[in-house]
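Below: one structure, written as structure tokens.
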Amino acid sequence: MVRAFMAFCGDGRIPELTLIARDPRDPAAAGGRRRVISPETAELTRRTMHQVTTEGTGRKARSDRYRSFGKSGTAQLPDPVNGDYFEDRYVSSYIAAAPLEDPRVVVLVVMDDPDARIEHGGGAVAGPVAMRVFDRVLEHLGVPPDAEDAPDAPARGPATPTLVRGPSAD
């Protein structure tokens, strides 16, 4: 899932699997990537998924320091005894990447059977965990904050997705 999500993190390519750590900005490391979507689709999807953190189910995953993009998930747990699904037990997940403009980290958090009496939605349960991981890892990597309210955040344009249409077929 993380490997597929990485297509949205740059130019629409996914990395080849390896056990050797490589800097994705190193031209020598770029050879092991396969295009699966266009760069334009990757950027539009990234900006659209950013809205998950600003006005969707991932609002609890919103960092004060870094802008991210992600997708929450909630599924009922299977009941192996009855062969169907539990009515009140879930798997909650959140997958995201940050920073928005130049993603450096992808995080997948899966919570098995959270206490549904408190909360069970993926964005509410797993999202805050992803946000804390981003804040700590990106700070450790020396990535400057990019959120509007973050100290020392650089100026930038709007993060609203824009649909670009080609010439009309009329």
Amide H contacts under 5 Å for Arg13, placed H, 5+ residues apart: Val36
Burial order of peptide ranges 57-66, 125-134, 78-87, 104-113 (average beta-carbon count within 10 Å, highest first): 125-134, 57-66, 104-113, 78-87
Pairwise label distance in nanometres, Val137 with Ala75, each label 7 Å out on the Cα-Cβ vector: 2.2
Arg25-Asp64 pseudo-label distance in nm [points 7 Å out on the Cα-to-Cβ vector]: 2.7
Inter-site label distance for Arg3 and Asp84 at 7 Å from Cα along Cβ, in nm: 3.7
Karplus (6.51, -1.76, 1.60) ³J(HN,Hα), θ = phi - 60°, over the range 45-54, in Hz, Gly and Pro reported as x: 5, 4, 5, 5, 5, 4, 5, 4, 7, 9
Estimated vicinal HN-Hα couplings, Hz - the range 92-97 in sequence order (Karplus 6.51, -1.76, 1.60; Gly, Pro = x): 10, 9, 8, 10, 7, 9
Residues whose placed amide H lies under 5 Å from that of Leu77, excluding near-sequence neighbours: Phe86, Arg89, Tyr90, Val91
Nonlocal amide H pairs with Ala98, under 5 Å, H built at 1.01 Å: Arg104, Val105
From phi via Karplus (6.51, -1.76, 1.60), per-residue ³J(HN,Hα) for the range 67-78 in Hz, x at Gly/Pro: 7, 9, 9, x, 9, 8, x, 9, 9, 6, 6, x
For the range 87-146: relative contact order, % (alpha-carbon pairs under 8 angstrom, 6 or more apart): 36
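Computed from the coordinates by the stated procedures, all read-outs in this text should not be read as laboratory data. Note that the structure is predicted; figures quoted are calculated from it, not measured. When we count neighbours, we look across all protein chains shown, and the Cβ atoms used for this are built from the backbone with ideal geometry, even at glycine.
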